[in-house]
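The next block holds one structure in the form of structure tokens; read it before the comments.
The values are calculated or read from the model by the stated rules, or taken from the named source; none is laboratory data. Quantities reported herein were computed from a predicted structural model and do not represent experimental measurements. Neighbour counts run over all protein chains shown; Cβ positions are idealised from the backbone, glycine included. Just the protein is used for accessible areas: all its heavy atoms, side chains included, with ligands, DNA and RNA removed. Shrake-Rupley method; radii C 1.70, N 1.55, O 1.52, S 1.80 Å.
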Amino acid sequence: MNVLIVYCHPSKNSFTHTVKESYVQGLKDAGHQVVISDLYAGGFNPVMSETEYIREGFYKLEEPVAEDVTEEQKKINNADVIAFIYPDFWTASPAMLEGWFQRVWTYGFAYGNQPSMKTLNKAIFLITMGGSLKDEIRREQLQAMKTIMIGDRIRNRAEECEVHVFDEMTRGYGNDENRERRTLEFSQKAYELGKNIS
């Protein structure tokens with residue numbers, strides 16, 4: 001399968017980067033083709049311009065789409081699966097990924113009367129989190145994130161959706177030993193998720 005990974009984290013010195021590397025290795029070991037859109041490393045511009053707003057807000061299909069956006073759209077239509085890997089920042093994805101959706105989900109591509117975006121086999125979310133899903137507030141926050149990502153952004157754009165959360169990964173707060181142990185466990189889990197993708 002062709003798997004597009006949309007990766008969003010500002011630092012290689014992060015557990016999120018470890019998850020990405022492990023997941024990619026699993027995919028490659030299983031023989032899948034992998035394309036990575038590393039939004040920070042690639043310098044993706046997350047800011048919608050006035051021209052883009054006018055195109056989207058007034059449904060001006062005849063207006064051109066920016067080249068960096070069409071490149072992302074081509075990657076999507078060449079993929080069977082799209083995987084988003086990012087950290088939970090204040091119950092949301094990083095601003096870079098928010099901007100990616102706002103710019104890449106264009107009228108005529110992701111929505112409209114005849115959108116050109118293919119229906120993907122699967123959309124997968126690998127989300128890292130400092131807090132613990134043992135806490136009710138974190139579970140509620142995760143449900144809110146699912147409503148946004150799956151209910152709104154993916155909706156009918158993929159046949160299946162999966163969400164995997166790697167929690168209790170905060171530094172400090174007496175969590176260092178737990179974080180070290182979970183880093184090993186979660187790295188293996190990310191690898192297996194990639195290797196066993198179907």
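Positive contributions from Lys and Arg (+1) and negative ones from Asp and Glu (-1), summed over other residues with Cβ under 13 Å from the Cβ of S198, come out at -3. Residues in segment 48-198 average 54 Å² of solvent-accessible surface per residue, probe 1.4 Å, ligands and nucleic acids excluded. Under the criterion of Cα pairs below 8 Å and six or more residues apart, the relative contact order for segment 1-65 equals 38 percent. Rg and Dmax, both from the Cα atoms of segment 8-71 and both in Å, are 16.6, 46.
If you take every residue apart from C161 with its C-beta less than 11 Å away from the C-beta of C161, what net charge results, scoring Lys and Arg +1 and Asp and Glu -1? Net charge in that neighbourhood comes out at +2. Using a probe radius of 1.4 angstrom, the carbon and sulfur fraction of the accessible surface of the chain is 48%. Relative to the 2.2 N^0.38 Å rule of thumb, the chain has a C-alpha radius of gyration ratio of 1.05. Note on the chain: with charges restricted to the Cβ of Lys and Arg (+1) and Asp and Glu (-1), its dipole about the Cα centre is near 300 debye. So which trypsin sites (Lys or Arg not before Pro) in segment 45-87 pass both tests, a DSSP loop state and at most 16 other Cβ atoms within 10 Å of the Cβ? Passing both the DSSP loop test and the Cβ count: K60. Of the chymotrypsin sites (Phe, Trp or Tyr not before Pro) found in segment 134-198, those that fall in a DSSP loop while having at most 15 other beta-carbon atoms within 10 Å are Y173.
Lys and Arg at +1, Asp and Glu at -1: add these up for the other residues within a Cβ distance under 13 Å of V69 and post the number. Around V69, the charge tally is -3. For the chain, averaging the sequence separation of C-alpha pairs within contact (under 8 Å, six or more residues apart) and dividing by the residue count gives a relative contact order of 29 percent. Restricting segment 99-197 to trypsin sites (Lys or Arg not before Pro) that sit in a DSSP loop and have at most 10 other Cβ atoms within 10 Å of their own Cβ leaves K134, R171. For segment 72-197, build the charge dipole from Cβ charges (+1 Lys, Arg; -1 Asp, Glu) around the Cα centre, then report which of A110, P87, L133 sits farthest towards its positive end. Of the candidates, A110 comes out farthest on the positive side.
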